[in-house]
Amino acid sequence: MTAAFPPVLPTYNRTPLRFVRGEGSWLYEADGTRYLDLTSGIAVNALGHAHPDLVATLTTQAQALWHVSNLYEIPAQEQLAQALVDATFADTVFFTNSGTEAAELAIKMVRKYWHDAGTPRDTILTFEGAFHGRSTGAIAAAGSEKMTKGFGPLMPGFKSLAWGDHDALRAALDGTVAAVMIEPIQGEGGIRPVPDHCLKGLRDLCQQTGALLVLDEVQCGMGRTGRLFAHEWAGITPDIMMVAKGIGGGFPLGAVLATAKAASGMGAGTHGSTYGGNPLACAVGAKVMEIITAEGFLDNVRRKGAMLRQSLEGLVAAHPDVLAEVRGAGLLLGLKCHVLNTDMVKAAQAARLLTVPAADNVIRLLPPLTISEDEISQAIARLDQAARQLS
Ligand SMILES: *Cc1c(COP(=O)(O)O)cnc(C)c1O
């Protein structure tokens, strides 16, 4: 007899909580115990759990048509693509089922662009602390020992630079670089924002050298920072952008947005997906997009983000032995801890509040964008309780 191996591949250290129902900002266990959810499935449930409009859209579409191949025209896909094109820098969109798949296409698009340019460039610059997914390409892009160890040989063509080292960036970003891939705010890396002037400087450097600018807005996009996409704060636009997480509001959906120039090599047969852009996902995605871009919605995200941030600054001041600082933008906030971040997550959980750990000893607060002011007050009271416990 060999030792029992769990039927679910044990790649996650799971918390022993089993939720059976969600409503708005709350998750419920079978016995009715409820938790205030500041994880949103890691920035996925942008409109909270079981948003009535999303449930109605999904149900109606489920009764009509779930899936057809991309061999046929899919009106919901065209509608969502048009909405994204209208609202952004992009001329064109490809739909995926995840952020990782979006990263894979972004990398392929960069390579094809330079192949077709007739002056091949191989190197994509990335940054320490980055997270672009778990595929062979995405782990090679991130380059961290934690994600790549044991999975070599790594896909070549990436060079990882130190975070915030402008001299290293200027030295590396010459006329041989194909693209720079960066998260405007690192999520897994510990809610580390790229300052607006740095993003502007990076855009300029890319312009001068011809390198494509690829932004990974999988976590920070779709309204999370109080603008539809985080790069809008810096007043710049990328050539290619990866989106996922919030775009489906909980239904698996991702996208690559690109300018016509960056996408020029991606003709028929160069890429594909069985499920990407299916009618169910795109119907839900179109509804999410409609709600997030409706008059006043992002104003509310900014207002609630400012309110949450101010309260968190107060908590840091009240518990200087436990909490170090607040980071991030809008409702993508991080609390750097003096205690172990995982202890803070556990203490918050004991107070029935769910948060997510990140690198750099940070806990992430990613509430639904629809969180109410009262729920923000409740979250602060619970975090205060957790911090007092650890003090
Ligand atoms: C989550 C995430 C990904 C990967 O997305 P999946 O849907 O898990 O494949 C890529 N980039 C960033 C910035 C992310 O936060």
**Prompt:** Do we have any residue at all in region 203-220 that's within 13 Å of the ligand (Cβ to nearest atom), closer than 18 Å to Leu80 by Cβ and crowded, with 24+ Cβ neighbours inside 10 Å?
**Reply:** yes
**Message:** Just to confirm my filter: which helices (runs of 4 or more DSSP H) fall fully inside region 63-147 and include at least 1 residues that are away from the ligand (no atom under 16 Å from the Cβ) and within 24 Å of Thr176 (Cβ to Cβ)?
**Reply:** 99-117
**Asked** Taking region 299-325 only, how many residues are of a type in the set (Val, Ile, Thr) and either out of contact with any strand residue (DSSP E or B) (no Cβ under 9 Å at 6 or more places or on another chain) or open to solvent by less than 10 Å² (accessible area, probe 1.4 Å) (or both)?
**Response** 2
**Request:** Kindly establish whether Thr60 is loosely packed, with under 12 Cβ neighbours inside 10 Å and part of a helix (DSSP H, G or I).
**Result:** yes
**Asked** Do we find that Ala260 is in contact with an Asp or Glu (Cβ under 7 Å, 6 or more places away or on another chain) and either in contact (Cβ under 8 Å) with a residue 12 or more places away in the chain or crowded, with 24+ Cβ neighbours inside 10 Å (or both) in this structure?
**Response** yes
**Request:** Answer with yes or no whether Asp86 is surrounded by fewer than 23 Cβ atoms within 10 Å (Cβ to Cβ) and either in contact with a strand residue (DSSP E or B) (Cβ under 6 Å, 6 or more places away or on another chain) or farther than 30 Å from Ala283 by Cα (or both).
**Result:** no
**Message:** Yes or no: region 239-249 includes at least one residue that is open to solvent by 10 Å² or more (accessible area, probe 1.4 Å), more than 24 Å from Gly296 (Cβ to Cβ) and not in a strand (DSSP E or B).
**Reply:** yes
**Prompt:** Being more than 20 Å from Gly248 (Cβ to Cβ) and touching a helix residue (DSSP H, G or I) at 6+ places or on another chain (Cβ under 8 Å), is that true of even one residue in region 78-94?
**Reply:** yes
**Prompt:** Which of the following residues is among the β-branched types (Val, Ile, Thr), within 29 Å of Ile185 (Cβ to Cβ) and outside the structural domain of Ala234 (by TED's automatic domain parsing): Thr11, Thr96, Thr33?
**Reply:** Thr11
**Prompt:** Considering only region 6-20, how many residues are in contact (Cβ under 8 Å) with a residue 12 or more places away in the chain and open to solvent by 80 Å² or more (accessible area, probe 1.4 Å)?
**Reply:** 1
**Fill in**
Those residues of region 97-122 which are crowded, with 18+ Cβ neighbours inside 10 Å and of a type in the set (Val, Ile, Thr) amount to Thr100, Ile107, Val110
**Prompt:** Of the numbered conditions (1) out of contact with any helix residue (DSSP H, G or I) (no Cβ under 7 Å at 6 or more places or on another chain); (2) at pLDDT 95 or above, Val339 satisfies every one except a single condition; which is it?
**Reply:** (1)
**Request:** Take region 23-55 and flag every residue that is open to solvent by 20 Å² or more (accessible area, probe 1.4 Å), within 16 Å of the ligand (Cβ to nearest atom) and either among the hydrophobic types (A, V, I, L, M, F, W, C) or free of Cβ contacts under 8 Å to residues at least 60 places away in the same chain (or both).
**Result:** Ile42, Val44
**Request:** Assess whether Phe131 counts as being open to solvent by 30 Å² or more (accessible area, probe 1.4 Å), among the aromatic types (Phe, Trp, Tyr), modelled with pLDDT of 95 or more and under 26 Å from Arg309 (Cβ atoms).
**Result:** yes
**Complete:** Going through (1) surrounded by fewer than 22 Cβ atoms within 10 Å (Cβ to Cβ); (2) under 15 Å from the mean Cα position of the chain (by Cα); (3) away from the ligand (no atom under 16 Å from the Cβ) one by one, Met266 fails only at (2)
**Message:** Suppose we keep only residues that are over 18 Å from the mean Cα position of the chain (by Cα), open to solvent by 50 Å² or more (accessible area, probe 1.4 Å) and free of Cβ contacts under 8 Å to residues at least 40 places away in the same chain within region 176-202. Which one would you say is nearest to Val218 (Cα to Cα)?
**Reply:** Asp196
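The values are calculated or read from the model by the stated rules, or taken from the named source; none is laboratory data. This one's a predicted model, so the numbers in the text were calculated from it and none came from an experiment. Reconstructed Cβ throughout: ideal geometry from the backbone, glycine too, with neighbour counts over all protein chains shown. We work out accessible area using only protein heavy atoms, side chains counted, and drop any ligands, DNA or RNA first. Shrake-Rupley method; radii C 1.70, N 1.55, O 1.52, S 1.80 Å.
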